[in-house]
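Visitor: Have a look at the structure that comes next, please.
No value in this document is a laboratory result; all are computed from the given coordinates. Source: prediction; values computed, not measured. We place every Cβ from the backbone using ideal geometry, glycine too, and count neighbours over all the protein chains shown.
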Amino acid sequence: MNQINKFPEMCLDAIEIAKNANIPSYQFDKMIICGMGGSAVGGDLLKDLLRDELPLSVEVSKEYHLPAYADEKTLVFAISYSGNTEETLSQFVDAVERKCKIICLSSGGKLREWADRLKIPTIVLPAGFQPRAALPYLFLPLVVCLQKMQLINLEEELKEAIEILGEIRLKDYNELADDLKDSMPVIYSDFGAVARRFKNQLNENSKTQAKADVFPELNHNEMVGYENKKMNRNDSVVILRSGDESQEIKTRIEFTEGLLKDSVKSVNEIWAKGKGRLARMFSLVYIGDYISYKLADLNGVNADEAKSIDMLKKELKEKINLVEKLEKRIGSQSQ
Ligand code: PA5
């Protein structure tokens, strides 16, 4: 809970760190953001944030390999908070071999070590957070880098977002957390990345199953599952209202709420705050994060642990040790 209260200050710090970083003004015609879990959320948010603004293809790649089109005209952000996530390291090595333009974000680990060895610019993040709690550091530097390259200008939006986060910090979202307890949280929004972030935070912090889906796509599949009234009695549906939905999306939300209300446990709306898209997205992220911590308390679990993720990473290291193989590929690049 402590760290979440510092979120607005972490945003200011993240912006400062990125502004002071030595980032080349790369020329590129497409962008791929590589990362997993908490380290991928910044990419997801950036993609949604700039969808109507940046006339470039942006892909968030959560895989072992870069897509086939990645080439020397591709900007690759390789993001791993720990710097030791094998999927991200593997994509980083692909990016090096394909001569992509690369910027790394990491607090250390192999990613930082290899980037330093190959003189690849890295934004070094402060250590000591859970990756998912370090979101300001994993997202805002992306915005700052694109600003430095004069592709966007979101200075005013950044200021507004940070002010609004400060206001949210003073509010209490206990009632919503109570409602989600012992039920299946179902998160819908036309801000797809924000809905997914909330779901992931409920999974990792609150140790609960959760679902997320996005308007308008969910009206073509997910919604139909609610025709079966017996199956969904325990669902607590939360609709994250982005605040600038088109008439079409508003009509879809109203229709969906009407369809669900008699078959689920509850339907609640959380409204975004602020004018700019960044403030509206980030306000919902912050409220969702708060609720996930509150629900962790109610569930009596430690939000700062994710034991099964740690166990799997250990098992992969023992059984396969991909990082060792990647290290050899990196070695041949630096000679
Ligand atoms: O939030 C978490 O702890 C996870 O989702 C991690 O972000 C994920 O396992 C990837 O690790 P890292 O962020 O260190 O690359």
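Visitor: Given the pairs LYS211/LYS261; LYS30/LYS171; LYS159/LYS294, which are separated by over 29 angstrom at their Cα positions?
Guide: Result: LYS30/LYS171 exceed 29 Å.
Visitor: Sticking with this one: Across segment 197-204, in residue order, what do the Karplus-derived ³J(HN,Hα) couplings come to in whole Hz, using 6.51 cos²θ - 1.76 cosθ + 1.60 with θ = phi - 60° and x for Gly and Pro?
Guide: Values per residue, Gly and Pro as x: 4, 4, 4, 4, 5, 5, 4, 7 Hz.
Visitor: Which is farthest toward the positive dipole end of segment 195-335 among SER266, VAL214, ASN299, measuring Cα position about the Cα centre, with Cβ charges +1 (Lys, Arg) and -1 (Asp, Glu)?
Guide: It is ASN299, whose Cα lies furthest towards the positive end.
Visitor: With the contact rule set at Cα under 8 Å and sequence spacing of 6 or more, what percent relative contact order holds for segment 67-118?
Guide: Normalised by residue count, the contact order of segment 67-118 is 44 percent.
Visitor: Can you grab the distance from the C-alpha centre of segment 48-88 to the C-alpha centre of segment 198-259, Å, no decimals?
Guide: 27 Å
Visitor: Can you find, among ASN232, PHE191, SER107, the residue sitting farthest towards the positive end of the charge dipole of the chain, where Lys and Arg contribute +1 and Asp and Glu -1 at Cβ?
Guide: SER107
Visitor: Under 19 Å Cα to Cα from LYS328, which aspartates and glutamates show up? Leave out anything in the same chain fewer than 8 places away.
Guide: GLU86, GLU87, ASP94, GLU97, GLU113, ASP116, GLU318
Visitor: Mind scanning LYS110/LYS199; LYS19/LYS73; LYS73/LYS273; LYS181/LYS317; LYS101/LYS313 and naming the pairs with a C-alpha gap bigger than 32 Å?
Guide: LYS73/LYS273; LYS181/LYS317
Visitor: For segment 269-282, what does the Karplus curve 6.51 cos²θ - 1.76 cosθ + 1.60, with θ = phi - 60°, yield as ³J(HN,Hα) per residue in whole Hz, taken in order and with x for Gly and Pro?
Guide: Per-residue couplings from phi come out as 10, 10, 9, 5, 10, x, 9, x, 4, 5, 5, 5, 5, 5 Hz.
Visitor: Quick one: order TYR293, TYR188 by neighbouring beta-carbon count within 10 Å, fewest to most.
Guide: Least crowded to most crowded, the residues run TYR293, TYR188.
Visitor: Amide H to amide H under 5 Å from ARG241: which residues, 5+ apart in sequence or cross-chain, H placed 1.01 Å off N in plane?
Guide: Close amide H contacts, sequence-distant or interchain: ILE270, TRP271, ALA272.
Visitor: Expressed as a rounded percentage, what relative contact order does the chain have, with Cα pairs under 8 Å and six or more residues apart?
Guide: Contact order relative to length: 18 percent.
Visitor: In nm, to one decimal, how far is the ALA127 label point from the GLN27 one, both placed 7 Å along Cα→Cβ?
Guide: About 4.0 nm separates the two model spin labels.
Visitor: Could I have the simple spin-label model distance between ASP178 and ALA68, label points 7 Å from Cα toward Cβ, reported in nm to one decimal?
Guide: 5.6 nm
Visitor: Roughly how many debye, to the nearest 20, is the charge dipole of the chain about its Cα centre, given +1 on each Lys and Arg Cβ, -1 on each Asp and Glu Cβ, and no other charges?
Guide: 760 debye
Visitor: Take each of the peptides 204-215, 36-47, average the number of other beta-carbon atoms within 10 Å over its residues, and list them starting from the highest.
Guide: Output ranking for 204-215, 36-47: 36-47, 204-215.
Visitor: Still on this structure, I have one more. Stretch TRP271-LEU312 to full length: gain in nm at 0.36 nm per residue minus the Cα-Cα span?
Guide: Between TRP271 and LEU312, full extension yields 11.1 nm more.
Visitor: What translational diffusion coefficient, to the nearest whole µm²/s, does the chain have by Stokes-Einstein, given a Kirkwood radius computed over alpha-carbon pairs, a temperature of 4 °C and 1.567 mPa s viscosity?
Guide: 62 µm²/s
Visitor: In addition: Using only alpha carbon pairs under 8 Å that are at least six residues apart, calculate the relative contact order of segment 47-190 and give it in whole percent.
Guide: Relative CO of segment 47-190 lands at 16 percent.
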